[in-house]
Amino acid sequence: MNICVYGAASSLIDKSYIEAGKELGRRMVERGHGLVFGGGAHGMMGAVAEGVYEKDGYILGIIPAFFEEGGAEVSFKRCSEFIFTETMRERKQLLMDKASAIIMTPGGIGTYDEFFEVLTLKQLGRHNKPIVIYDINDYFKEMDYMMDKSIEKEFITQDCKDLYMMSSDINEILDYIENYDEKDIDLSKVKIR
């Protein structure tokens, strides 16, 4: 299956994140999966793509054409296929449409935007794909606390948080995706009463 991976485009992040991203890419290919991603050459995006490339895996990069304007070299040039979009909205839609599962790795505002959109769409019953947070170096610890606080204050339900899984273990992440059964998730329970 093709797995969409969201993550940072920053080249300034600590090397431990880069190594973890490369390892995720390698393991995905070893377990028979391809990559769908935002097409970036740097940060977590580039690291995961590099790991997939090292193992001769399939890579679909989806990037807005305006990212390449002015001679900017932001795209990962060794993709199996590339789709250039007109807008960020089109890019996000294609990322979701072309993948059977979603993994969020550490990233910035764009990564959060992508994650919360697919989580919201799942809560609304627009898809039922597995969603996983790859929690490298406890990066998402505060976000997890925020979600728990939102449950405690009754802004969301526990059922909403159950729509995704968070782990720092690549094998556990891929096991979850590979064994995911849409019938195990009752989307009708998720909405706030």
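For the chain, what is the calculated [θ] at 222 nm in deg cm²/dmol (nearest 500), taking -39500 (n - 2.57) for each run of four or more DSSP H residues and dividing by its residue count?
Estimated from H runs of four or more residues: -12500 deg cm²/dmol.
Grab the Cα-Cα distance for E90 and R31, subtract it from 0.36 nm times how many residues apart they are, and report the gain in nm with one decimal.
So the chain would gain 18.3 nm between E90 and R31.
Ranked highest first by the average count of other Cβ atoms within 10 Å around their residues, in what order do 172-180, 152-160 fall?
My ranking of the peptides, most packed first, is 172-180, 152-160.
What's the Cα-based Rg to Rh of the stretch 38-84, Rh via Kirkwood?
Here Rg/Rh amounts to 0.96.
Viscosity 1.306 mPa s, temperature 10 °C: what is the translational diffusion coefficient of the stretch 13-71 from Stokes-Einstein with a Kirkwood Rh over Cα pairs, rounded to a whole number of µm²/s?
Reported coefficient: 137 µm²/s.
Using the alpha-carbon atoms, what tilt in degrees (0 to 90, nearest 10) does helix 109-123 show relative to the longest principal axis of the chain?
Rounded to the nearest ten degrees, it is 40.
Which of I83, M104, H42 sits farthest toward the positive end of the charge dipole of the chain, with +1 on the Cβ of Lys and Arg and -1 on the Cβ of Asp and Glu?
I83
Before anything else, pin down the relative contact order of the stretch 56-193: Cα pairs under 8 Å, at least 6 apart, normalised by residue count, whole percent.
21 percent
Using only Cα atoms, find the angle between the long axis of helix 170-179 and the longest principal axis of the chain, and express it within 0 to 90 degrees, rounded to the nearest 10.
The answer is roughly 70 degrees.
Please compute P(r) over all alpha-carbon pairs of the chain, binned at 5 Å starting from zero, and give each bin as a whole-number percent.
Spelled out per bin, shortest first, that is 1, 8, 17, 21, 20, 16, 9, 5, 2, 0, 0.
Run through the stretch 50-105 and list the GluC sites (Glu not before Pro) located in a DSSP loop whose Cβ has at most 12 other Cβ atoms within 10 Å.
Filter output for the stretch 50-105: E73, E86.
What order do you get for 108-114, 19-25, 91-97 when each peptide is scored by the mean count of other beta carbon atoms within 10 Å, highest first?
19-25, 91-97, 108-114
So if we plug the beta-carbon distance of R126 and M146 into 1/(1 + (r/R0)^6) with R0 = 25 Å, what FRET efficiency do we get, rounded to 0.05?
E(calc), rounded to 0.05, equals 0.60.
How large is the dipole of the stretch 20-179 about the Cα centre if only Lys and Arg carry +1 and Asp and Glu carry -1, each at its Cβ, rounded to the nearest 20 debye?
Dipole magnitude for the stretch 20-179 comes out near 300 debye.
What value does the stretch 47-156 have for Rg/Rh, both radii from Cα atoms and Rh as Kirkwood defines it?
1.00
Values in this text are rule-based calculations from the coordinates and carry no lab data. Since the model is a prediction, treat every value here as computed from it, not as a measurement. Cβ atoms come from the backbone with ideal geometry, glycine included; neighbour counts cover every protein chain shown.
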